[in-house]
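Below you'll find the structure, written out as structure tokens, and then a few comments.
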Amino acid sequence: MSDSLGELEGEQDLLSWSRLEKEGERYNLRLGNANYPHMKLVFMIEQGDPVFYVDAHDSHFNLPPNVPGYEKLLALREGNKKLKVKIECAWKEQGLPIFGEQRKPIKPKDLCKGMYVLAIDDEDQILDMLSIIVKSMGAEFMRATSAEEARRLIQGRGVPDLIFCDIMMPRESGFDFVAWLRKEGHTVPTYFITGLNLEKIDKDRVTAVLQKPFTAKSVMNIMKKLRKNKSGDQASA
């Protein structure tokens, strides 16, 4: 792997970069100079997201005022403080979360803006619940009560970013719908939502199975994961 930051590709390359020092969920990059090599740029992973800060590494020791070098230490700390402020101001301008600063929470309604989700189920209460969850994340929601209706929506509205599909439905099952979907060449992430025993479900053509009763959090986590994957794909394009 290259030692040049500009040649790294993607998150995994960065996290395994030879110049990063790793301590658990903390990653350090030394920023020192010949006179003082210990200052570090640090980011920690908190709840899946990075938080940035500067470790000046000069607060863990003190010198009595009468000891030679005391004035030099004070000047060093003052210089470190100014450099720390400059670095953190630059980070803030880029919208990065800074340790110790009050971070603006991302509103759920903004997380999945622009995403189009299709749900297929013959139970209105399931569709109503999914509609509330999906729309609360900022995504567009389309509903179908049968596989036939879902096909019409896809042919008219276009292929969604995500599909939730019941299995046991009148006339055509969820298995039938997914078979059609894959035959048409659509690779959209698709989740079965069902009360059936997992051992009786063919999962080969779907992303995963979400069992009823499901929680709002489980649906939101699926959407967040998809949003993150799509963002990564766009960044590497």
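The values are calculated or read from the model by the stated rules, or taken from the named source; none is laboratory data. Treat the numbers as computed from the prediction; the structure is a model and nothing was measured. So basically every Cβ, Gly included, is an ideal-geometry build from the backbone, and we count neighbours across all protein chains shown.
Table for the structure above
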quantity: Scope the range 189-205; condition over 16 Å from residue 127 (Cα atoms) and touching a Phe, Trp or Tyr at 6+ places or on another chain (Cβ under 7 Å); matching residues; calculated: 201, 202
quantity: Hits in the range 107-129 (condition: out of contact with any helix residue (DSSP H, G or I) (no Cβ under 7 Å at 6 or more places or on another chain), in a helix (DSSP H, G or I) and closer than 20 Å to residue 214 by Cα); calculated: 124, 125, 126, 127, 128, 129
quantity: Out of 166, 121, 176, 128, sole residue that is closer than 25 Å to residue 196 by Cβ, free of Cβ contacts under 8 Å to residues at least 12 places away in the same chain and of a type outside the set (S, T, N, Q); calculated: 128
quantity: Given (1) modelled with pLDDT under 70; (2) of a type in the set (Asp, Glu); (3) surrounded by 13 or more Cβ atoms within 10 Å (Cβ to Cβ), index of the condition residue 55 fails; calculated: (1)
quantity: Selected residue (criterion: surrounded by the most Cβ atoms within 10 Å (Cβ to Cβ)) from residues of the range 113-125 that are more than 21 Å from the chain's Cα centre (by Cα) and modelled with pLDDT under 90; calculated: 123
